[in-house]
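The structure appears below as C-alpha cells.
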Amino acid sequence: MSQLGSRIGVQIYLVIFFAYLLGPLVIMSVTAFNSSSFPSAMPWECLTFDWFRSLLQDSRIMNGIRNSILIGAGTVVLSVLMGLSGALVLMRIWPRLRATYYTIVIAPILIPGVVLGISTLVFWDRINRLLGLGPGSVLSNGLFLTILGQSTFIASYCMLVMVARLQRYDETLSEAALDLGATPAQVFRKILLPFMRPAIVTAAVLAFLASFENYNTTTFIFGEYPTLTIELSQKVRYGVTPAVSALAFIIVALTIFIALANEAIRRRRELVAAVRSGASVTVAAGGRVTLPRIFSGNISAVLVVAMAMGTIVMIGTASVYRPDQCIADLRQEKQLAAQKRAEELRRQRDAKTGGTGENVGIDPVTSPAAPPRSQGGGFETVFDPGVLQELGN
Amino acid sequence: MNAWVGVELENLSIRFGDFVAVRDANVNIRGGDFFSFLGPSGCGKTTILRAVSGFLAPSSGNILIGGKNMKGVGPNKRPTALIFQNLALFPLMKVWENITFSMEIRGARAAERRKRADELLEMVALTGQGDKLPAELSGGQKQRVAIARALCAEPHVLLLDEPLSALDLKLRQHMRTELREIQKQVGITFIYITHDQGEALTMSDSIAVMRAGVIDQIGNGRAIYNDPATPFAASFVGENNVFRGKVVQIIGHEALIRTNRSGEIRARISTANLGKLQQGDSAMVFIRPEALDMAGADLEGDHYVSARVTNEEFEGDVFNIFMEGDGGKEIKVSLPNRGQSFESHKGRTVTLRYDVKNAVAMPAGILATE
Ligand SMILES: Nc1ncnc2c1ncn2[C@@H]1O[C@H](COP(=O)(O)OP(=O)(O)O)[C@@H](O)[C@H]1O
Ligand SMILES: [Mg+2]
C-alpha cells in the first residue's frame, strides 16, 4: 500500500520536475507561432509563421548569428588544442607538481566571466600599447579578443573532458608502438589521437556551445563583432517580440535533433558491433510491423525521422498558409467586442442618469461626468484606431 | 635470416630510487636460443626485459645486442620486439592493421600489408580473422595476434613477458608447444619471462633462475632441475624435500650431513658449490619426491632416511606419502603407479632409500616461499 503510495509520489514528483524543466521551453515555443505581438501563449490568437520571417529579415540578429558561429569556430580550435595539450602535460608532469598544475589550469572555470572579460580587454590593450600598435591592430580586434577571452575558460572545460579520457589510456599502447618502430610523433598521430577522438569531438561540441551562449565575458570584448547573445540582450532592452521566441524555437529544435541523431548513430554502431561479434540480435516479429534494420530497437532514429518529417510539414505549411484572414477576422472581432462594450457602458450610463438623476439631489451636470472620467481613458481610446491596432496585433 | 643475434647483459643493475630491482646481472644469451628468465613475481624479470627493449636505462652495466652496446639507442631503434604482459593490442585497429603496424610505420602500401598479414595469420593459425577487432577475439587468439604483430617487425630478438599467464591451463600447454615451434620456424632469439617452472623447463634451451633481483643460476633445464646451485633454485624449480643439518665430513665430491631429524644423510655436493662446504658448516640437502623410494633390497649406492608417516594420498599417476620432516615442512615421497598395491603406512616409521647422486648438498640459504 505504502509502496504504491510512494510510487505515485515519485511519479508526481517526476511530472512536476519535467514540467519545471521543460515547461518554459514548451510555452516559449508556442509563443513563436502565436500572432500576438507580445510573446504569449494563453490568449491564443492566430497561428502564424510570420515571426520566423521577421527573424530572418532582422539583419542585426543574422549578423549576430554569423559572428557567433565565427567566434565559436575559432574558440573550438583554440580551446581543443589548449585542452588537449594541457591534458597531455598533466598526465606526464612530475607527480608532485600535478596538483598545483591542475589547480592553476582549472582556475579559469572558477573565475567570474566578467573578470575574465575585463582582464582580457586590459591585458591585450596593454600589450597593444607596449608594441606601439594602433587601435586598429589585430590585438584590439573584437574577433581576436573574444576568441581569446572565451578560450581562457572554455579550454579548461575541454581539458577536463580530455583528462577523463586520457586516464583510461593504456600507456603500454604507446610503448608497443614505439617498440614496433614508431617515432614519438607517429605514436601520437596513429595511436593516441585516434584514441582521443571521441573526447576531442565532445570537447569541440562543448566548446562551441559554451562560446555560443556566452554573454558576460563577451560583453566586454566583442568590439565590432556583436554575437547573438549580445544582440539579443540589446534587443530585449527595447521589448521582446515573438521573433526571439522563433529563434529560441529553432535553437531548441536543432539541439534536440542533433542529440537524437547522435544517439541514433551511437545505437546503430552498437548494433553493428553486436552483430559483428556474433551476438544474435533478437528482432521482435510475429504480428508486429517489422521496421527497417536501423530502426529496430532504436527509438532515437525513429524520433529523428519523425522530427525531420515534422519540419518538412511545418515549412510546407508555412509556405502555403496565410494567417492574414484569421488576423483580419480577429481584428474585426475585437473591434466588434470593443464597440459592444462601449455601447454597453453608454447604456449603463444612460440608465443611471435617467433613473436616479432626479431622485437624488446631485448636480445632473457633474454627476455623469464623474464615472466617465474614471473610465475616460477607455472611452476615448476605444475609438482611436492606433490603439486598436495595438490591441489587435 | 641473417646471422643469429645474441644478447649480453654485463653487470646490469637497475635501481628505482633506493630500491634495487636488478643487481649485477651477467647473462650471455646465445643467438637463436630460447632463453627463459624464471623467478617468482616481483623478482625483476619485467624490469630486465624493459631494459633490453629500451624502455628503461640501466643504472649501471651494459646491454649488448648482437655485440653492439645499446646505450642511448631508443626502443624504436632496437632490433627487438616485446610482447607485453597485457599484450597491448591497439584496440581501434583491425587485427590485420595491428599485425602490420610496423610496416605502416615504414610506409608500406595497404595491399602489401594485407598480404603479409595474411601470411602471418596463417602462421599463427588465425586465417580469416584479419578483419576483426581485438575485442572480438578470445584470449588465445589475442595472444597469437600479439605474436604475429611482433614477428611482422622482423626483430632479431623477440621478448615475451609472461605471455601465457592469462590463458587457461589447456590453452597454456597448447601454446607452449606452438611457441616453441614458431621459434624454431623463424629461428630468432626468444627471451621468455615466466614464473611457471613448467613453462621454462619445457620450452627453454637455457634458463636463468632469478630471486629478488639476483640471478641465482643459469643453465639448461636438466642442469637446473638436477643440479641446483642455490637452495632457492632447488626449492623454486619443481618440488623438493629439504633436510637441514651440519656437515660432518667431506668425502671428495660428497658430504655427510647430520640432519636435525632424519639422521645422517650422505649427499652429492652440487656442482656450483664444490669446494664451498667445510666440516661444521650449516648445509641443506635436497632430495626430490620421485627420487625417494620405500626401502627394499639392499642395493649398491643406496642410502637411507627414516621418518614417521603422517599422511598418504593417491593422485592417480603417483601415490604420495607425507612424513615428518624438520622445520615443520613434511617430506614428500611420490611412488609411481605401476599397478602395484599400496599398503598404508600411516603412523608407522618407515625407512626410505635414495641414490646419492639424487641427493644434492649445498650451503644453507634462503628457500623459495610458496
Ligand atoms: N617504475 C618502477 N618504480 C619503482 N619500482 C618498480 C618500478 N617497476 C618495477 N618496480 C619494482 O621492481 C620490482 C621488480 O618488478 P618487475 O620487474 O615488474 O617484477 P616481475 O619479475 O614480476 O616482472 C618490483 O618489486 C617492483 O615493485
Ligand atoms: Mg612482470
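Numbers below:
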quantity	calculated
Simple spin-label estimate for B:Ser138 and B:Thr202 in nanometres, 7 Å along Cα-Cβ	1.7 nm
Members of B:Lys246/B:Lys276; B:Lys142/B:Lys184; B:Lys94/B:Lys115; B:Lys94/B:Lys142 lying beyond 18 Å, as alpha-carbon distances in this model show	B:Lys142/B:Lys184
Shape call, the range B:203-283: gyration tensor on alpha carbons, a/c limit 1.5	prolate
Total charge dipole magnitude, the range B:49-186, about the Cα centre, Cβ charges on Lys, Arg, Asp, Glu only, Debye to nearest 20	360 debye
Radius 14 Å from Cβ of A:Pro39, net charge of other residues (Lys, Arg +1; Asp, Glu -1)	-1
Cα-based shape type of the range B:240-363, given that a ≥ b ≥ c are square roots of the gyration tensor eigenvalues and the cut on a/c is 1.5	prolate
Protection proxy ranking of A:320-331, A:81-92 - average other beta-carbon atoms within 10 Å, highest first	A:81-92, A:320-331
Spin-label zone in the range A:194-237 - amide nitrogen under 17 Å from a point set 7 Å from the Cα of A:Ile118 along the C-beta vector	A:215-222
Sequence ranges B:67-73, A:216-222, B:171-177, ranked by mean other-Cβ count within 10 angstrom, highest first	A:216-222, B:171-177, B:67-73
Within 10 Å of each Cβ in A:179-189, the average number of Cβ atoms from other chains	6
Calculated FRET value between B:Glu290 and B:Leu64, using beta carbons and R₀ = 45 Å, to 0.05	0.65
Length gained when the stretch A:Val26-A:Leu133 is fully extended (0.36 nm per residue, less Cα-Cα span)	33.5 nm
Inter-chain shielding of A:166-178 (mean C-beta neighbours from other protein chains, 10 Å cut-off)	5
Mean shadow area of the range A:20-164, taken as a quarter of the surface of its Cα convex hull (nm²)	13.2 nm²
Hits among aspartates and glutamates - C-alpha to C-alpha of B:Lys357 under 15 Å, sequence gap 8 or more where chains match	B:Asp227, B:Glu254, B:Glu290, B:Asp293, B:Glu300, B:Asp302
Helix-only CD estimate at 222 nm, as mean residue ellipticity for the protein assembly as shown, using -39500 (n - 2.57) per DSSP H run (n ≥ 4)	-16000 deg cm²/dmol
When the convex hull of its Cα atoms is projected in every direction, mean area for the protein assembly as shown (nm²)	62.7 nm²
Inter-site label distance for B:Trp4 and B:Asp355 at 7 Å from Cα along Cβ, in nm	3.0 nm
Net charge of neighbours whose Cβ lies under 15 Å from the Cβ of A:Val201, counting Lys and Arg as +1 and Asp and Glu as -1	+3
Eligible aspartates and glutamates near A:Lys235 by straight Cα distance, threshold 19 Å, same-chain separation 8 or greater	A:Asp50, A:Asp58, A:Glu213, A:Glu224
Those Cys residues of the protein assembly as shown for which no other cysteine Cβ falls under 4.7 Å	A:Cys158, B:Cys43, B:Cys152
A:Ile93-B:Ala57 pseudo-label distance in nm [points 7 Å out on the Cα-to-Cβ vector]	2.4 nm
C-alpha center-to-center spacing [the range A:1-52, the range B:13-28] in angstrom	72 Å
About the Cα centre, charge dipole magnitude for chain B (Lys/Arg +1, Asp/Glu -1 at Cβ), debye	1040 debye
Using distinct alpha-carbon pairs, which all enter the 1/r mean, Kirkwood radius of the range B:7-226 in Å	17.8 Å
FRET E, pair B:Leu171, B:Asn320, Förster distance 22 Å, beta-carbon r, rounded to 0.05	0.20
Candidate lysines - alpha carbon under 28 Å from B:Lys346, same-chain residues fewer than 8 apart omitted	B:Lys329, B:Lys332
Potential extension, A:Lys352-A:Arg126 segment - 0.36 nm per residue separation minus Cα distance	73.6 nm
Calculated FRET value between B:Arg222 and A:Val302, using beta carbons and R₀ = 56 Å, to 0.05	0.20
Dipole magnitude (debye, nearest 20) for the range B:1-80, charges at Cβ of Lys, Arg, Asp, Glu	220 debye
Scaled radius of gyration (Cα, divided by 2.2 N^0.38 Å) that chain B gives	1.17
Residue mean of other protein chain beta carbons inside 10 Å, B:147-157	1
Unit charges at the beta carbon, dipole of the protein assembly as shown: most positive-side option, A:Ile230, A:Pro108, A:Ala176	A:Ile230
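No lab work stands behind these numbers, since they all come straight from the coordinates. Note that this is a predicted model, so its numbers are computed, not measured. Here the Cβ is made from the backbone with ideal geometry for all residues, glycine too, and neighbour counts use every protein chain on show.
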